[in-house]
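Step one of this worksheet: look at the structure below.
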Amino acid sequence: MKKIALVTGAYQGLGLATSALLMEQDYHVIMADVQSCSTLANQFRRQGYSASHLKLDLAMSSIFPAIANLIDEQFGQLDVLINNAAILVDMGSHPSQLDEDTYRRVLEINQIGPFLLTKALTPLLKKAKHARIVNVSSQVGQLAQLSDMNSPLKEDICAAYQASKVGINANTVLFAKELESHGIKVNSCCPGWVDSAMNSDDLPDYGDNARPKTPREGADTAVWLATLNEDGPTAGFFTDRTRIDW
Ligand SMILES: NC(=O)c1ccc[n+]([C@@H]2O[C@H](COP(=O)([O-])OP(=O)(O)OC[C@H]3O[C@@H](n4cnc5c(N)ncnc54)[C@H](OP(=O)(O)O)[C@@H]3O)[C@@H](O)[C@H]2O)c1
């Protein structure tokens, strides 16, 4: 039987690339997004891959138990959960410039939604042998960098997004501890600077010769963490398959 993976934000960008890479490794991928992935899943199936789709809004946690029931009925377990979806709507906003609604919305979608989705799917992850959870974070939410008053990225502020990525990293270590005895590994990753809809001209200048990664290049570390063997790490933060500070 194929391993079952659920990827949020699968409609485009890193989520779509992650879904494709997992299908290429013979996973069945449940492509979940606030936008319908029906056509995409059909296209993958026509190419011989195994895919299904799920309409999932991370701000609507009330539907998470029903989603867990659906997956339980269809597959009986979940081997991989990739919390990839996020929004970035506050580029350039310092904390005092953020309005409350924006702050709450970003935390809801980027941290609280993934936390509650993980919680709802935990029984199914426990039913799989050696399940893996990957939280897609960002180095802009790296506390080591954020707390460095001399950091070159000091002025690159998106306060709500940064707080949400610190938060999803907290989700990682908290679930990693709780689920270790069940053989479940939970890690965070930063994909690096990736050419996707999330990016805009407002992004930091990464240097004259830098080019953004393609979504497939950016998805590599998430897929590596999703397919770790039993000797692999847990409770870590990785970029380019390399551990980085929190
Ligand atoms: N791109 C980068 O350079 C970069 C760098 C570091 C980290 N990351 C992280 O990588 C992940 C993927 O980023 P990306 O660049 O691929 O983003 P993207 O191209 O904007 O794709 C994100 C997907 O998530 C969906 N989404 C938004 N709100 C949602 C919700 N409430 N529920 C479910 N799905 C929702 C989006 O739908 P809509 O289009 O309708 O909003 C979109 O399809 C994010 O966690 C991001 O923070 C990206």
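The values are calculated or read from the model by the stated rules, or taken from the named source; none is laboratory data. Not measured: the values here are computed from a predicted model. Every residue, glycine among them, receives a Cβ derived from its backbone with ideal geometry; neighbour counts consider all protein chains shown. Areas reflect the complete protein model, heavy atoms only, side chains present, ligands, DNA and RNA absent. Shrake-Rupley method; radii C 1.70, N 1.55, O 1.52, S 1.80 Å.
Structure summary
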read-out: Scan of segment 118-160 for residues that are open to solvent by 20 Å² or more (accessible area, probe 1.4 Å) and either of a type in the set (Val, Ile, Thr) or within 30 Å of residue 67 (Cα to Cα) (or both), ordered by number; value: 119, 120, 123, 126, 127, 129, 130, 140, 157
read-out: Options 21, 107, 58: the member that is within 19 Å of residue 124 (Cα to Cα) and not hydroxyl-bearing (Ser, Thr, Tyr); value: 58
read-out: Test: residue 86 is open to solvent by less than 40 Å² (accessible area, probe 1.4 Å) and either in contact (Cβ under 8 Å) with a residue 40 or more places away in the chain or over 18 Å from residue 226 (Cβ atoms) (or both); value: yes
read-out: Selection within segment 91-113 - open to solvent by less than 80 Å² (accessible area, probe 1.4 Å), part of a helix (DSSP H, G or I) and in contact (Cβ under 8 Å) with a residue 60 or more places away in the chain; value: 107, 111
read-out: Selection within segment 154-178 - away from the ligand (no atom under 15 Å from the Cβ) and in contact with a strand residue (DSSP E or B) (Cβ under 6 Å, 6 or more places away or on another chain); value: 175, 176
read-out: Residue match in segment 43-54 (condition: in a helix (DSSP H, G or I), more than 24 Å from residue 179 (Cα to Cα) and not basic (Lys, Arg)); value: yes
read-out: Where a residue in segment 209-224 is more than 12 Å from residue 16 (Cα to Cα) and its partner, wherever it lies, is charged (D, E, K, R) and open to solvent by 40 Å² or more (accessible area, probe 1.4 Å), with Cβ under 6 Å and at least six apart; value: 212/195; 221/241; 224/241
read-out: Among the residues listed as 58, 78, the single one being within 16 Å of the ligand (Cβ to nearest atom), open to solvent by less than 30 Å² (accessible area, probe 1.4 Å) and not in a helix (DSSP H, G or I); value: 58
read-out: Residue, nearest to the ligand (Cβ to nearest atom), within segment 122-142, restricted to residues that are touching a strand residue (DSSP E or B) at 6+ places or on another chain (Cβ under 7 Å) and not small (Gly, Ala, Ser); value: 136
read-out: Test: residue in segment 143-153 that is more than 10 Å from the ligand (Cβ to nearest atom), assigned to a loop (DSSP other than H, G, I, E, B), in contact (Cβ under 8 Å) with a residue 12 or more places away in the chain and in contact with a helix residue (DSSP H, G or I) (Cβ under 7 Å, 6 or more places away or on another chain); value: yes
read-out: Close pairs (7 angstrom Cβ cut-off, 6 or more residues apart or separate chains): open to solvent by 10 Å² or more (accessible area, probe 1.4 Å) in segment 161-189, among the charged types (D, E, K, R) anywhere; value: 161/90; 182/126; 183/129; 185/132
read-out: Residues of segment 190-202 satisfying the condition of being aliphatic (A, V, I, L, M) and open to solvent by 50 Å² or more (accessible area, probe 1.4 Å); value: 197, 198
read-out: Single match in 10, 68 (criterion: assigned to a helix (DSSP H, G or I) and modelled with pLDDT of 95 or more); value: 68
read-out: Candidate set from segment 1-34 (those that are crowded, with 16+ Cβ neighbours inside 10 Å and of a type in the set (S, T, N, Q)); member that is farthest from the ligand (Cβ to nearest atom); value: 19
